[in-house]
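Presented below is the structure to which this report refers.
The values are calculated or read from the model by the stated rules, or taken from the named source; none is laboratory data. Note that this is a predicted model, so its numbers are computed, not measured. Cβ placement follows ideal geometry from the backbone for every residue including glycine, while neighbour counts extend to all protein chains displayed. Just the protein is used for accessible areas: all its heavy atoms, side chains included, with ligands, DNA and RNA removed. Shrake-Rupley method; radii C 1.70, N 1.55, O 1.52, S 1.80 Å.
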Amino acid sequence: MATPDLLLDRQGRVLSLTFNRPEHGNTLTQGLLNALSDALDVADRDPDCRVLVLRGTNGQFCTGMDFGELTERLTRIDFGVSSGSDSGDAHYMDLLRRIASIGKVVVSAVDGQVMAGGVGFLAASDLVLATPASRFSLPEALWGLLPACVLPLLIRRIGFQDAYRLTLTTETWSADQAHTSGLVDEVDTDLDGAIRKRMVRLSRLEPETVRNLKAYFRKMWYLSDAVERTAVDEIDRLVRDPRIQENIRNFVEHKRFPWEGRS
Amino acid sequence: MATPDLLLDRQGRVLSLTFNRPEHGNTLTQGLLNALSDALDVADRDPDCRVLVLRGTNGQFCTGMDFGELTERLTRIDFGVSSGSDSGDAHYMDLLRRIASIGKVVVSAVDGQVMAGGVGFLAASDLVLATPASRFSLPEALWGLLPACVLPLLIRRIGFQDAYRLTLTTETWSADQAHTSGLVDEVDTDLDGAIRKRMVRLSRLEPETVRNLKAYFRKMWYLSDAVERTAVDEIDRLVRDPRIQENIRNFVEHKRFPWEGRS
Amino acid sequence: MATPDLLLDRQGRVLSLTFNRPEHGNTLTQGLLNALSDALDVADRDPDCRVLVLRGTNGQFCTGMDFGELTERLTRIDFGVSSGSDSGDAHYMDLLRRIASIGKVVVSAVDGQVMAGGVGFLAASDLVLATPASRFSLPEALWGLLPACVLPLLIRRIGFQDAYRLTLTTETWSADQAHTSGLVDEVDTDLDGAIRKRMVRLSRLEPETVRNLKAYFRKMWYLSDAVERTAVDEIDRLVRDPRIQENIRNFVEHKRFPWEGRS
């Protein structure tokens, strides 16, 4: 089942899924999202798999959507080849909801950089462990975008104001800052050791209990299916904005940021 | 009004209610819940009583529902003697709501262990003081259960993610961890001294103001009456699950945990 | 546009608004609220203004509604000259919502005391910076009142329980306590330096992005327009309560607190 972009490794009751596009900052393509979706199917069918671990290669966990692929999509929308409604954002939002509802304990093991859509995986995970060198940011607003699909789950995990400040300031958090806010549950240089220590207790929970627990907590929060549709619609609206499209194209083609001169 | 299971002690403007089933970990029986309900009536009728203090005896605050009594209830359901709808859970949920709406300042003074349903009293209290030796846990998921009635108030008090992590990991928090999460407002070796220091200021609030304040904050949160019904329904559903009933019976009768071998 | 009560100062992309009623603790009058509303209009029309800074003079940021003006209003209600529905509270609530939705980054720079309605400006701001000597409190409950309009935004910023405890205990928080709760984002002796350090990054956000971002986060929280009406109605109800009116009049006329003897 392993693809070049997503590595699967099963050890005992733990299935590790490793983002593996190191030359592209482990950014998310449609191919990678499909591979992740398939891997969740594999885990779902396997009652002996109790824990899923998400990882990244080469000092990067995941740095968000692939802007090159996004630009190609924008061009297809411009030429009327695509309505844009086949957007990857609904797919991404679905994946976050699946992670937050699957009957496995999902652990994000972060060693390095997490940006934009990568933060969404942390927000959807049950537990987030990170090495001290890890870094966390939501730079979307610099291009006029918003981390729209990340926010419903991020606000749930770290509260309104920390999610707001991270989005507005586009600042980068250290592992300690991420821990203080609750984005990270534990900072440890030895992520595998930290997971092992938690395995005894976590393995005692039956898959059905984990599924019940996630479904019940979803009912105990105010963010419903409607909010997820709002999130997907907002991203869809923003990527159709000519000003934002220009910001993204200038960055992809010329590595020029919006504030470095607008045509 | 004092019963053997709940001790009442009035000193000035303070009424102390002390859980007193030390030989049973101060677990909650229908009798104890009734006694607590009666004690709230007493306080409600007394305008000079301004502060209620909840306590436990013998190094335990309260360790949740009495599993023995629960097993007897399950047996009555099995034999059709009871529909289960006379469940103690609706009663327990009502008590939490009363504590969170009564026109008295309610202080939980914790010295020792708090588990499961005991955590609900803390979540519903206005202030929680604890000695450094106190310990806090929600072990329900080990049996396939959920702290369903505790969570609406616990999420309100400590936020979604801390409530989620405490439930999922079934880990035990120290007093310091409980303080960091906001489950405990103040850690002090001298609980009576800590209460005395706060009395001057708290006594200045009129009972009607406290009642208004609690009612208004309830409107300022998203958890409504419907969520409380959802909570009671969820527990009702779970205790009818044969797998969970077996887990509980094995524990009550053989002190065997679910992961120690399932028949 | 500057009035004696509100000073306006434009430096580069930053417009500073300074509460300037030092002899009255920078309390809020209808005149001051009008001046603040006008200043927001000025900022709104000016695309080069990117950041608004709120400040106070003379060791006080803002200490809430002017009780003297409130007493006069109560007298007009008593004599049937006013229905009370021209209350300043709807105006105040509107101002908080405007601050929380305007396409500028709003920074509260606090040096000194913040009380009651003054806390609302912090809750509505994007960033709150404070000197170590600053102090924060919600004393409304001492008179039987509630910080009704402050709470929807305060709960969003610092969470339910911290907002609840600050209201119920009427205690005063130090800058460090306010920072721990999230009411303050940064404690610094040099507020201007702290703002300067953040300006490079904040100036990169276009006004339309800031407006989008605020509108989207509003959709991501559960407090809607209806809650703001509930808040205004609650204050309207409380100030019509004869017991509370007497509390306020005794304080304005005799500096007597409610617990110092009730007639």
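Miscellaneous remarks
- Computed from the C-beta positions of B:Leu8 and B:Asp94 and an R0 of 22 Å, the FRET efficiency is 0.65 to the nearest 0.05.
- Summed residue charge, Cβ within 10 Å of B:Thr131's Cβ, Lys/Arg positive, Asp/Glu negative: -3
- Shown for chain A: lysine pairs separated by 8 or more places, or found on different chains, whose C-alpha atoms are under 28 Å apart, numbering 4.
- The charge dipole of chain B, taken about its Cα centre with unit charges on the Cβ of Lys, Arg, Asp and Glu (plus for the first two, minus for the last two), comes to roughly 580 debye.
- Calculated from backbone phi, Karplus (6.51, -1.76, 1.60) coupling profile of segment A:58-74 in Hz, x at Gly/Pro: 6, x, 9, 7, 6, 10, x, 5, 6, 5, x, 5, 4, 4, 4, 5, 4
- Shielding by partners for peptide B:113-125, expressed as the average number of C-beta atoms from other protein chains within 10 Å of each residue's C-beta, is 0.
- Estimated from the Cβ-Cβ distance and a Förster radius of 56 angstrom, the FRET efficiency linking A:Phe257 and C:Asp241 is about 0.50.
- Interface burial for B against C (accessible surface, 1.4 Å probe, total of both chains, Å², rounded to 100): 2700
- For the protein assembly as shown, the 222 nm mean residue ellipticity estimated from helices alone, with every DSSP H stretch of n ≥ 4 adding -39500 (n - 2.57) and the total spread over all residues, rounds to -14500 deg cm²/dmol.
- Once the Cβ-Cβ distance of C:Arg249 and B:Asp176 is raised to the sixth power relative to R0 = 45 Å, the FRET efficiency obtained is 0.45.
- Phi angles of segment B:235-242 translate, via the Karplus equation with coefficients 6.51, -1.76, 1.60 and θ = phi - 60°, into HN-Hα couplings of 4, 4, 5, 5, 6, 8, 6, x Hz per residue; Gly and Pro are given as x.
- Residues in segment C:49-73 reached by a label modelled at C:Gln30 [backbone nitrogen below 18 Å; 7 Å Cα→Cβ]: C:65-73
- What the protein assembly as shown shows is 37 Å² of accessible area per residue, with the surface traced by a 1.4 Å probe over protein heavy atoms.
- Tensor-based shape of segment A:157-227 (alpha-carbon gyration tensor, a/c under 1.5 rounded, otherwise prolate or oblate): oblate
- In order along segment C:98-113, the phi-based Karplus estimate (6.51 cos²θ - 1.76 cosθ + 1.60, θ = phi - 60°) of 3J(HN,Hα) comes to 5, 4, 7, 10, 5, x, 10, 7, 9, 10, 8, 10, 9, 10, x, 8 Hz; Gly and Pro are listed as x.
- Only the Cβ atoms of Lys and Arg (+1) and of Asp and Glu (-1) were treated as charged; on that basis the dipole of the protein assembly as shown about its Cα centre amounts to roughly 80 debye.
- Relative packing of B:26-36, C:169-179, which averages over residues the other C-beta atoms within 10 Å, highest first: B:26-36, C:169-179
- Most positive-pole-ward Cα, A:Val252, A:Ile235, A:Ala215, against dipole of segment A:207-263 from beta carbon charges: A:Ala215
- With the simple model of a label 7 Å out from the Cα in the direction of the Cβ, A:Asp192 to B:Asp41 spans 6.4 nm.
- Three principal axis extents of segment B:139-263 based on alpha-carbon atoms, in descending order, are 59, 37, 26 Å.
- Chain A: angle of helix A:191-203 to the longest principal axis, Cα-based, in degrees nearest 10: 60
- Along the axis of the charge dipole computed for segment B:112-237 (Cβ charges of +1 for Lys and Arg, -1 for Asp and Glu, origin at the Cα centre), the listed residues B:Ala116, B:Val200, B:Val128 are led at the positive end by B:Val200.
- For segment A:109-195, the Rg and Dmax computed from alpha carbons only, in angstrom: 12.0, 40
- The protein assembly as shown shape via C-alpha gyration tensor axes, a/c threshold 1.5: oblate
- Projected-area mean, segment C:8-112, by convex hull of Cα positions, square nanometres: 6.9
- Column: log10 I(q)/I(0), Debye, Cα scatterers of segment C:33-73, q = 0.21, 0.25 Å⁻¹: -0.85, -0.96
- Two-decimal Rg to Rh for segment A:55-171 - Kirkwood Rh, Cα set: 0.99
- Simple Cβ-charge dipole of segment C:100-177, Lys/Arg +1 and Asp/Glu -1, about Cα centre, in debye nearest 20: 180
- Convex hull of alpha carbon positions in chain B: directionally averaged projected area 13.9 nm².
- Shielding score for A:163-171, defined as the mean number of other chain Cβ atoms within 10 Å: 5
- Spin-label zone in segment A:140-170 - amide nitrogen under 17 Å from a point set 7 Å from the Cα of C:Val200 along the C-beta vector: A:142, A:169-170
- Rounded, prolate or oblate (a/c below 1.5 giving rounded, otherwise prolate when a/b exceeds b/c) for segment B:138-187 by Cα gyration tensor: oblate
- Whole-angstrom gap from segment A:13-67 to segment A:155-216, using each part's C-alpha centre: 17
- Computed from Cα atoms, the angle from the helix C:207-219 axis to the main principal axis of chain C rounds to 50 degrees.
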